[in-house]
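The values are calculated or read from the model by the stated rules, or taken from the named source; none is laboratory data. Everything numeric in this text was worked out from a predicted model, so none of it was measured. Heads up, the Cβs are rebuilt from the backbone with ideal geometry, glycines too, and the neighbour counts pull from every protein chain shown.
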Amino acid sequence: MSEKVYDALVIGSGAAGSFAAKELTANGLSVLLLEAGPEIGKKDFNPSKKKPPASAINIWERARATIKGQPIQARAAFFTERFSRFFVNDRKNPYTTPRGEPFLWIRGRQAGGRLHSFGRVLLRWTDNDFKINSRSGRGVDWPVSYDELAPFYAEAESHLGLYGNEDHVATLPDGVYSRPAKLTPAEELFKKTVEGDAPERHVVSWRYIAPDAERVPRPLREAMASGKLTIRYDSIVRRVTTDPQTGRATGAEIIDRNSGAVHTVRAENVVLCASPIESIRLLLNSASEKHPNGLGNSSGTLGRYFMDQLPCLAFGTYPPAKGWSHDDSAPQDPFYNPSGGIFVPRFENVDGKPQRGDFAYQGSVGRAPVGNNDAASLAFFGFGMMLPHADNRVTLDARRKDAWGIPVPHIRCVMHETENELIRKQEKTLIDMIEGAGGKLDFIGSPLGLKEMGRGAFPEADALSRFLFRKWFRKTMVMGAAIHESGGARMGTTRENSVLNSWNQSWDVPNLLVTDASAFPGGGTAGTTLTVMALTLRACRKLAAGYRNEAE
């Protein structure tokens with residue numbers, strides 16, 4: 001039993017955990033951060049591993065990773081061997097899904113979490129995302145509005161130093177940018193053509209952060225420099241401990257990842273930032289006499305209303321532009337490929353009708369190397385808004401345990417007819433937009449299947465790789481492929497319909513916060529990371545102020 005009682009315990013060190021540690025230590029609290037994986041530093045970013053894939057499909061890299069124990073992680077759309085250490089070993093970290101209802105759980109366990117492997121794109125959400133119930137008649141509205149989150153968006157953006165431009169698009173609010181972001185000549189032409197044909201549509205640059213040369217997330221570095229932060233790596237949290245009389249959180253029970261030794265740590269407050277599925281799993285596994293159905297689950301909603309965004313992937317060429325261009329907006333990194341590209345936020349014209357499409361597209365045109373006289377390449381990934389359904393949920397599978405003896409999550413996340421209809425529109429709209437701008441698609445695919453067009457998928461690859469790609473695609477482009485999972489411990493306006501209140505605080509356990517994307521009541525159409533950061537800053541500032549007042 002550890003004798004030291006920290007002011008706050010933070011579980012997880014990714015987008016939420018690093019900002020939680022920063023905010024709490026900045027307010028003078030002593031913080032213990034628990035990270036399930038190892039410490040990460042410059043030694044883990046070997047430039048010699050930055051090699052071009054053997055083929056456009058990199059099928060053999062995925063095969064090698066599968067053999068080494070990463071059959072799920074290797075299905076991530078943009079997986080490469082270079083990043084394999086930033087993804088978990090699936091044999092040690094299994095999970096289950098219902099038969100015939102696959103879900104890809106792409107994750108990393110190391111200091112910084114998925115901040116080392118995500119696309120570094122940080123986009124704001126709007127009230128189109130936050131007012132899910134009033135728009136759809138489903139679920140519950142977020143108990144916060146865009147205006148409430150805007151100052152925290154700005155704070156996170158300013159802290160990280162974004163590349164981006166003011167675009168004045170209502171469905172994608174401008175942020176705070178330290179440097180401009182460029183488009184390639186091919187993207188400029190694509191933008192001019194799309195916006196000329198449909199002025200209500202907008203093609204804008206990514207808003208993104210460059211790779212950090214220190215290889216430790218900046219908010220985490222700042223927390224470490226405060227002298228108020230203690231970090232325990234390789235510490236897998238088995239459950240959050242609670243007081244048997246009051247039901248309040250008292251700390252956590254942890255397992256050493258390497259030795260298997262069990263320890264208990266203590267804190268006055270607990271901030272759960274482990275990522276959606278892990279946080280739900282941990283809350284369910286923390287059941288006690290005071291919390292028989294899982295920690296903070298008096299509403300019965302814990303694990304329910306789990307979502308991911310609807311994925312679709314398209315590759316092709318853009319004959320109106322030739323060759324390719326290097327984007328020099330950000331300095332080149334010896335380990336990471338250059339960032340940058342285009343984003344098409346949701347718009348109000350679908351199928352030529354004045355109806356909002358609850359989907360958005362992220363992509364690039366003219367960035368992949370091709371011959372000077374060859375048509376520019378293009379690639380797009382679509383993200384559609386999944387509605388919250390009570391039967392999409394995360395539960396515990398007591399029959400299966402991970403390498404540390406903890407019950408694994410059982411994940412059900414399937415499209416209902418609403419989502420099937422939306423993803424059909426999402427695909428058709430993308431095809432029409434690309435072809436209308438002069439592009440030619442080789443393929444487009446989603447959980448509905450693969451559609452090859454023109455030259456077919458990856459025409460330059462060898463026949464065996466193309467055959468394996470077609471076979472693997474049905475296991476790759478399924479729910480979870482967007483890697484924007486959310487929900488399961490949602491915020492709400494009453495303790496009867498939600499797990500958390502408007503400050504990410506458990507209704508049942510007042511000294512417990514959950515600030516990762518499991519808190520989301522709705523799924524949105526843009527990446528979740530910036531909203532997670534903003535919510536974490538807001539919640540932890542409130543926690544720190546209240547805790548200081550109690551101490552006084």
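Criterion first (outside the structural domain of ARG346 (by TED's automatic domain parsing), of a type in the set (Asp, Glu) and not in a strand (DSSP E or B)) does GLU187 satisfy it?
no
Rundown of residues vs (1) surrounded by fewer than 22 Cβ atoms within 10 Å (Cβ to Cβ); (2) of a type in the set (Val, Ile, Thr); (3) farther than 26 Å from SER377 by Cα; (4) in contact with a helix residue (DSSP H, G or I) (Cβ under 6 Å, 6 or more places away or on another chain), yes/no style:
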position: ARG114; (1), (2), (3), (4): yes, no, yes, no
position: LYS131; (1), (2), (3), (4): yes, no, yes, no
position: PRO151; (1), (2), (3), (4): yes, no, yes, no
position: HIS159; (1), (2), (3), (4): yes, no, yes, no
position: TYR163; (1), (2), (3), (4): no, no, no, no
position: PRO173; (1), (2), (3), (4): yes, no, yes, no
position: LYS192; (1), (2), (3), (4): yes, no, no, no
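For the list (1) aliphatic (A, V, I, L, M); (2) surrounded by fewer than 19 Cβ atoms within 10 Å (Cβ to Cβ); (3) farther than 30 Å from LYS49 by Cβ, I need the number of the one condition that ALA321 fails.
That leaves (2) as the condition not met.
All but one of (1) closer than 23 Å to GLY316 by Cα; (2) touching a residue at least 40 places away in the same chain (Cβ under 8 Å); (3) of a type in the set (Gly, Ala, Ser) hold for ALA517; state the number of the condition that does not hold.
(1)
Across segment 392-417, which residue is farthest from the chain's Cα centre (by Cα) among those that are more than 15 Å from ASN285 (Cα to Cα) and free of Cβ contacts under 8 Å to residues at least 40 places away in the same chain?
So the residue we want is GLU417.
Among GLU39, GLU3, GLU23, which is the only one that is outside any helix (DSSP H, G or I) and modelled with pLDDT of 90 or more?
GLU39
Across segment 219-270, what is the number of residues that are part of a helix (DSSP H, G or I), surrounded by fewer than 18 Cβ atoms within 10 Å (Cβ to Cβ) and among the acidic types (Asp, Glu)?
The qualifying residues number 0.
Only one of (1) modelled with pLDDT of 95 or more; (2) surrounded by 16 or more Cβ atoms within 10 Å (Cβ to Cβ); (3) farther than 24 Å from ARG201 by Cβ fails for GLY456. Which number is that?
Checking GLY456 against (1) modelled with pLDDT of 95 or more; (2) surrounded by 16 or more Cβ atoms within 10 Å (Cβ to Cβ); (3) farther than 24 Å from ARG201 by Cβ, the one that fails is (2).
Considering only residues that are under 20 Å from the mean Cα position of the chain (by Cα) and among the polar types (S, T, N, Q), which ones fall in segment 465-513?
Those that are under 20 Å from the mean Cα position of the chain (by Cα) and among the polar types (S, T, N, Q): THR476, SER486, ASN504.
Show the residue pairs that are 6+ apart or on different chains and have beta-carbon atoms under 8 Å apart, the first residue being within segment 52-71 and of a type outside the set (Ser, Thr, Tyr), the second being modelled with pLDDT under 80.
Hits for this filter: TRP60/ALA54; GLU61/PRO53; GLU61/ALA54.
For segment 437-449, state whether one or more residues are at positive phi, surrounded by fewer than 22 Cβ atoms within 10 Å (Cβ to Cβ) and of a type outside the set (Val, Ile, Thr).
The answer is yes; a qualifying residue exists.
Of the conditions (1) modelled with pLDDT of 95 or more; (2) under 30 Å from ILE434 (Cβ atoms), GLU101 satisfies every one except a single condition; which number is it?
Condition (2) is where GLU101 drops out.
Which residues, counting only those in segment 1-58, are among the aromatic types (Phe, Trp, Tyr) and farther than 21 Å from VAL240 by Cα?
PHE45
Listed here are the residues, each with its yes/no results for (1) under 30 Å from VAL478 (Cβ atoms); (2) at pLDDT below 90.
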{"residue": "GLN332", "(1), (2)": "no, no"}
{"residue": "PHE335", "(1), (2)": "yes, no"}
{"residue": "GLU348", "(1), (2)": "yes, yes"}
{"residue": "PRO354", "(1), (2)": "no, yes"}
{"residue": "ASN372", "(1), (2)": "no, no"}
{"residue": "PHE380", "(1), (2)": "yes, no"}
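Just checking, which of GLY357, GLY340, GLY371 is more than 26 Å from the chain's Cα centre (by Cα), of a type outside the set (S, T, N, Q) and in a loop (DSSP other than H, G, I, E, B)?
GLY371
Scan segment 271-294 for residues that are in contact with a strand residue (DSSP E or B) (Cβ under 6 Å, 6 or more places away or on another chain), over 20 Å from ILE106 (Cβ atoms) and assigned to a loop (DSSP other than H, G, I, E, B) and jot them down.
Within segment 271-294, SER286, SER288 meet the criteria.
From the list PHE315, PHE335, pick out the single residue that is of a type in the set (Phe, Trp, Tyr), surrounded by fewer than 24 Cβ atoms within 10 Å (Cβ to Cβ), on the phi < 0 side of the Ramachandran plot and not in a loop (DSSP other than H, G, I, E, B).
Of PHE315, PHE335, the one residue that is of a type in the set (Phe, Trp, Tyr), surrounded by fewer than 24 Cβ atoms within 10 Å (Cβ to Cβ), on the phi < 0 side of the Ramachandran plot and not in a loop (DSSP other than H, G, I, E, B) is PHE315.
Within segment 464-520, take every residue that is in a loop (DSSP other than H, G, I, E, B) and β-branched (Val, Ile, Thr) and give me the one that is surrounded by the fewest Cβ atoms within 10 Å (Cβ to Cβ).
Restricting to residues being in a loop (DSSP other than H, G, I, E, B) and β-branched (Val, Ile, Thr), the top hit is THR494.
Go through the residues of segment 26-33 one by one and say whether even a single one is of a type outside the set (Gly, Ala, Ser), surrounded by fewer than 21 Cβ atoms within 10 Å (Cβ to Cβ) and touching a residue at least 24 places away in the same chain (Cβ under 8 Å).
yes
Go through segment 34-43 and report how many residues are in contact (Cβ under 8 Å) with a residue 12 or more places away in the chain and surrounded by fewer than 17 Cβ atoms within 10 Å (Cβ to Cβ).
4
Assuming GLU348 fulfils every condition listed in (1) in contact with a strand residue (DSSP E or B) (Cβ under 9 Å, 6 or more places away or on another chain); (2) in contact (Cβ under 8 Å) with a residue 60 or more places away in the chain apart from one, which condition is it?
GLU348 satisfies every listed condition except (1).
I'd like the residue in segment 118-149 that is in a helix (DSSP H, G or I) and either under 18 Å from the mean Cα position of the chain (by Cα) or closer than 11 Å to LEU530 by Cα (or both) and, out of all such residues, is modelled with the highest pLDDT.
Applying the filter and picking the extreme gives LEU149.
Would you point out which residue out of ALA390, ALA376 is in contact with a strand residue (DSSP E or B) (Cβ under 6 Å, 6 or more places away or on another chain) and surrounded by fewer than 22 Cβ atoms within 10 Å (Cβ to Cβ)?
Among ALA390, ALA376, only ALA390 is in contact with a strand residue (DSSP E or B) (Cβ under 6 Å, 6 or more places away or on another chain) and surrounded by fewer than 22 Cβ atoms within 10 Å (Cβ to Cβ).
May I ask you to list the residues in segment 203-218 that are among the small types (Gly, Ala, Ser), touching a helix residue (DSSP H, G or I) at 6+ places or on another chain (Cβ under 9 Å) and in a loop (DSSP other than H, G, I, E, B)?
Selection gives ALA213 alone.
With the requirement that a residue be outside any loop (DSSP other than H, G, I, E, B) and within 29 Å of GLU214 (Cβ to Cβ), what does segment 73-117 give you?
Scanning segment 73-117 gives GLN73, ALA74, GLU81, ARG82, PHE83, SER84, ARG85, PHE86, GLY113, ARG114, LEU115, HIS116.
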